[in-house]
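In what follows, a single structure is set out as structure tokens and then discussed.
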């Protein structure tokens, strides 16, 4: 492994350097041009290294390759009669070599490598991909903030600097990746998993067997790639594995988390995409399945991808200033408060780009350490940092390290498009920062507005809402109180998506400087609603149907009246959900018909009913089986 090359930094993206690298590393047999569509899918193709080297000038200085629009998610943009999409390499990002450790090159005795080159997707000379949206966001954020600093030098006095001292603005980000790992074809025992979670039997416990080996190997590989892993550990979900007759661990079903060091926003997003590939392949080599689904198992903790967001100034003298860090007596600076308030105010139009699947919304439920409300926590005082795990976005502070001050957005999951998560976050933060700085708001004024009660007057935040709580949001408030104070969370993807139509003033935040064009937003909406419809019709309903068929009559002639009554209620509910008659349609059929006719509002209401009925059915069947002596 010591003779392999894992990362090619931007300083080496020249014709001469690349030819030398390929000459010294003949094990790199392929090149893949990686674009990220609006759903967060990364393209992957195998271009022979010889072809790349032959046409290296075009790869480095123009269109690298062309693809059919049907191969990427860009509905309404790359249409059937205008489908050509160009892929242009990004010379400013790190390039990674993806090694296939199961395919050894006979000439070099090294694993076959594929050089993955991040790129932009161009349609009719316009960039239409997720990476470019983030790139445009970064440009807009920096330019607008620098413009304010230049026009209003007073905004820099709190940091003791002048505009001329600034070398650049740095936007730093990091992700925490959670995932489930299990032995293939292992049955899910929800009651056992749920009980283990409540008892916290797995959290931070020691990994064993193949899981330990795969986790250690993944962390070592991450170091090789320069990701600087900080830790890997068990999360709250999982059950204890068992030893088979050969002394090997089986019946593995565990939740893990891996964290690594922050980078600039674009590189952080690229890193997250590659780390997921690395983790999946590493665990698969050890006979383990990995899923990044946000809620792979009902009634058990889902997987998050907490996203950390920070902004700093780099000065000409090399000094770094954290723009969020406040004075000793303050939680945050004016810029920090503005950034936080920007996310809280605009989250309704952020969430459609963050929570895009049924599993994403199922994860965001009370009791699973996932956020359910648009609310933040700062701490009871500036001297006591908060670690409230029940809020949407938290303030992370280290009293000994001012550079560590940042925000942790807790709603993203591993299926979230990380490029769009960061884009909508930084654009919303910019909106709040502009409000704070252009109105010369002091930290105390902003803290008072952030801490307001519903009905209190506010210059920026919505009057009828509250935005801060130092309490356990799940336990301290009733459901009605949570809705009253912090707003009602969307129950379906459709409810989430229509916020882009309900809040046109807030949507302007994402359209600043044309970062999110109307065409891109419409394409995204078409993609998400199509995926939601397909998922409900062909996956959710089919899975529910199989589950319903498994709920069979178990009692015999010796059953008690309660057993008979329980089963009659179960059977009636099964038929209501699943069975059509000549005169009535089942809940399944009504949902499918609504989706086919594109009555998404009705389909959304019926889907909510279906999820409620399935929960009731599971509980009824659980109680029914628990009362039987013989099964």
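The values are calculated or read from the model by the stated rules, or taken from the named source; none is laboratory data. This is a predicted model, so every value here is computed, not measured. With ideal geometry, Cβ positions are generated from the backbone for all residues, glycine too; neighbour counts draw on all protein chains shown.
Structural remarks
- Residue check: residue 31 meets all listed conditions (1) under 31 Å from the mean Cα position of the chain (by Cα); (2) assigned to a loop (DSSP other than H, G, I, E, B); (3) at pLDDT 95 or above but one, namely (2).
- Qualifying positions in the stretch 67-97 - surrounded by fewer than 13 Cβ atoms within 10 Å (Cβ to Cβ) and modelled with pLDDT under 80: 68, 70, 80
- Some residue of the stretch 417-429 being modelled with pLDDT under 95, buried (at least 23 other Cβ atoms within 10 Å of the Cβ) and not in a helix (DSSP H, G or I): no
- Verdict on residue 384 being modelled with pLDDT of 95 or more and either touching a strand residue (DSSP E or B) at 6+ places or on another chain (Cβ under 8 Å) or surrounded by fewer than 21 Cβ atoms within 10 Å (Cβ to Cβ) (or both): no
- Checking each residue in the stretch 117-138 for being in contact (Cβ under 8 Å) with a residue 40 or more places away in the chain, more than 21 Å from the chain's Cα centre (by Cα) and surrounded by fewer than 22 Cβ atoms within 10 Å (Cβ to Cβ) picks out 122, 123, 124.
- Every pair of residues 6+ apart whose Cβ atoms lie under 8 Å, when the first sits in the stretch 448-477 and is at positive phi while the second is surrounded by fewer than 13 Cβ atoms within 10 Å (Cβ to Cβ): 455/463; 455/464
- Odd one out for residue 168 among (1) out of contact with any helix residue (DSSP H, G or I) (no Cβ under 9 Å at 6 or more places or on another chain); (2) part of a strand (DSSP E or B); (3) farther than 25 Å from residue 43 by Cα: (1)
- Check on residue 291, over 28 Å from residue 439 (Cα atoms) and touching a strand residue (DSSP E or B) at 6+ places or on another chain (Cβ under 6 Å): yes
So that you can scan it fast, the table gives a plain yes or no per residue for (1) over 28 Å from residue 427 (Cβ atoms); (2) in contact (Cβ under 8 Å) with a residue 12 or more places away in the chain:
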{"residue": "492", "(1), (2)": "no, yes"}
{"residue": "517", "(1), (2)": "no, no"}
{"residue": "553", "(1), (2)": "yes, yes"}
{"residue": "574", "(1), (2)": "yes, yes"}
{"residue": "580", "(1), (2)": "yes, no"}
{"residue": "594", "(1), (2)": "yes, yes"}
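The rows are residues; the columns are (1) surrounded by fewer than 20 Cβ atoms within 10 Å (Cβ to Cβ); (2) without any contact (Cβ under 8 Å) to a residue 24 or more places away in the chain; (3) part of a loop (DSSP other than H, G, I, E, B); (4) touching a strand residue (DSSP E or B) at 6+ places or on another chain (Cβ under 6 Å).
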{"site": "254", "(1), (2), (3), (4)": "no, no, no, yes"}
{"site": "284", "(1), (2), (3), (4)": "yes, yes, no, no"}
{"site": "287", "(1), (2), (3), (4)": "yes, no, yes, no"}
{"site": "295", "(1), (2), (3), (4)": "no, no, yes, no"}
{"site": "310", "(1), (2), (3), (4)": "no, no, no, yes"}
{"site": "327", "(1), (2), (3), (4)": "yes, no, yes, no"}
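- Residues of the stretch 596-613 that are in a helix (DSSP H, G or I) and either without any contact (Cβ under 8 Å) to a residue 60 or more places away in the chain or closer than 17 Å to residue 545 by Cα (or both): 596, 602, 605, 606, 607, 608, 609, 610, 611, 612, 613.
- Number of the condition not met by residue 335 [criteria: (1) out of contact with any strand residue (DSSP E or B) (no Cβ under 7 Å at 6 or more places or on another chain); (2) surrounded by fewer than 24 Cβ atoms within 10 Å (Cβ to Cβ); (3) within 22 Å of residue 174 (Cβ to Cβ)]: (2)
- Selection count where residues are exposed (fewer than 13 other Cβ atoms within 10 Å of the Cβ) and under 18 Å from residue 62 (Cα atoms), scope the stretch 7-16: 1
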